[in-house]
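J.: Dumping the structure here so I can ask a few things about it.
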Amino acid sequence: MAKKIVKVKIQNALRKIGLLPAAEYAQYLLRRWDLRKKNLAFVKAHPSFKLPPAYLAYDAYSAPDWNFYKSSGEGTADFLVGLIHRHLSDRKNVAVYEWGCGPGRVIRHLPAKLNTEDSVFGSDYNPETIAWCSKNLPEIQFSMNKLNPPLPYEDNKFDFAYCISVFTHLSAENGLMWAREIHRVLRPGGVFVLTTAGDFSFETDLVDEEKTEYKEKGIVTRGNFEEGKKMFLARHNPKYVREALLKDFEILEHKTAGFPFILQDYWLVKKRIDS
Ligand SMILES: C[S@@+](CC[C@H](N)C(=O)[O-])C[C@H]1O[C@@H](n2cnc3c(N)ncnc32)[C@H](O)[C@@H]1O
């Protein structure tokens, strides 16, 4: 853990002087080099599995590692489909939406795992990622959105919405606006699954001043980096998530660091029937 905090302190120093983007690029090249043999073996073993450009995968989850991209994507899709069956078994023609889908790690597996009458939608604010997804994953309807709401969808459109590690890269104001926007596009009784980085992150990667802010304000952000990118960081105290971010929803489940494959908090919430 001490090693992690040292890394955070170095990153924060680079962030302050505006050198974090350059350091990130160097890190990307290094990771690609490290993974080259494993990735070549993956391509040989899965010649027909379409892969996004490596820099888009790095942009989304730091590791342009195709084994992780495929296995974590499939595993997470299974987890989400399980939730859809558990919570929406009474609905037909289920409309599923991923906000901040990145280069399709999870969403690409959903059409094959859902019923044929169901429909799958995804959006992201990164035009390159949406261009790749639209071209390569034709069973899914993709759209672009901006860093700030609104989404290009009518009210009450979706039965199930989810986002994985998106609030973790937004400012407090923008996070609140997006929670309201997801609430708007969800049908009454619809389910929203999201992740935040909470108490596990408090224990492992916040420095002392940030810990104080986390306790007092409920949210800590690390900026001086483009908002929405993975090095713009937000950490959410669960109390803040309940009382501010998700105040319009009914909270059904929360597990600290409980989301599959990533050490982030898992939240499952519902739009109230009378909303
Ligand atoms: C950490 S990545 C996760 C990608 C994907 N959800 C996954 O789990 O594989 C965060 C994603 O959120 C997207 N993003 C950030 N801010 C956004 C916003 N305001 N609207 C939509 N997408 C956003 C980024 O472009 C990126 O694709």
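J.: Can you list the lysines whose alpha carbon sits under 26 Å from that of K247, skipping same-chain ones fewer than 8 residues off?
T.: Cross-link targets: K146, K157, K211, K215, K217, K229, K230, K239, K255, K270, K271.
J.: Please name whichever of P53, L88, T76 sits farthest to the positive end of the charge dipole of region 25-111, dipole taken about the Cα centre and charges placed at Cβ: Lys and Arg +1, Asp and Glu -1.
T.: So the residue furthest toward the plus end is P53.
J.: Would you compute, from DSSP H runs of 4+ residues alone, the mean residue ellipticity of the chain at 222 nm, taking -39500 (n - 2.57) per run and dividing by the full residue count, rounded to the nearest 500?
T.: Value at 222 nm, helices only: -13500 deg cm²/dmol.
J.: From the phi angles alone, apply the Karplus equation (6.51, -1.76, 1.60; θ = phi - 60°) to region 200-212 and give each ³J(HN,Hα) in whole Hz, x where the residue is Gly or Pro.
T.: Once rounded to whole Hz, the list reads 5, 5, 3, 6, 9, 9, 9, 8, 3, 4, 5, 4, 5.
J.: If eta is 1.002 mPa s and T is 20 °C, what Stokes-Einstein diffusion coefficient results for region 10-127, Kirkwood Rh from Cα pairs, in µm²/s?
T.: Taking Rh from Cα pairs, D becomes 131 µm²/s.
J.: Stokes-Einstein diffusion coefficient for the chain at 4 °C in a medium of 1.567 mPa s, Rh from the Kirkwood formula over Cα pairs: what value in µm²/s?
T.: On the way: Rh = 19.4 Å.
In µm²/s, the coefficient is 67.
J.: Right, another one. Fewest first, what order do S71, S48, S62 take by the number of other Cβ atoms within 10 Å?
T.: S48, S71, S62
J.: With r defined as the distance between the Cβ atoms of E209 and S275 and R0 fixed at 41 Å, what FRET efficiency is calculated, to the nearest 0.05? Working shown, then result.
T.: Working: r = 38 Å, r/R0 = 0.93.
Calculated transfer efficiency: 0.60.
J.: Using every pair of alpha-carbon atoms in region 52-184, split the distances into 10 Å bins beginning at 0 and state the percent of pairs per bin, rounded to integers.
T.: 12, 44, 37, 8, 0
J.: On a straight-distance basis, which lysines could pair with K113 in a cross-link, Cα separation under 20 angstrom, same-chain partners fewer than 8 positions away excluded?
T.: Output for K113: K50, K70, K92.
J.: Under a GNM of the chain (C-alpha, springs under 10 Å), which listed residue has the highest mean-square fluctuation: G102, G18, G223?
T.: Among G102, G18, G223, the largest GNM mean-square fluctuation belongs to G18.
J.: State to the nearest 20 debye the size of the charge dipole of the chain about its Cα centre, where the only charges are +1 on K and R beta carbons and -1 on D and E beta carbons.
T.: Roughly 780 debye for the chain.
Each value in this text was obtained by applying a stated rule to the coordinates, not by laboratory testing. What you are looking at is a predicted structure, and each value in this text was computed from that prediction instead of being measured. FYI the Cβ positions are ideal-geometry reconstructions off the backbone, even for glycines, and counts take in every protein chain you see.
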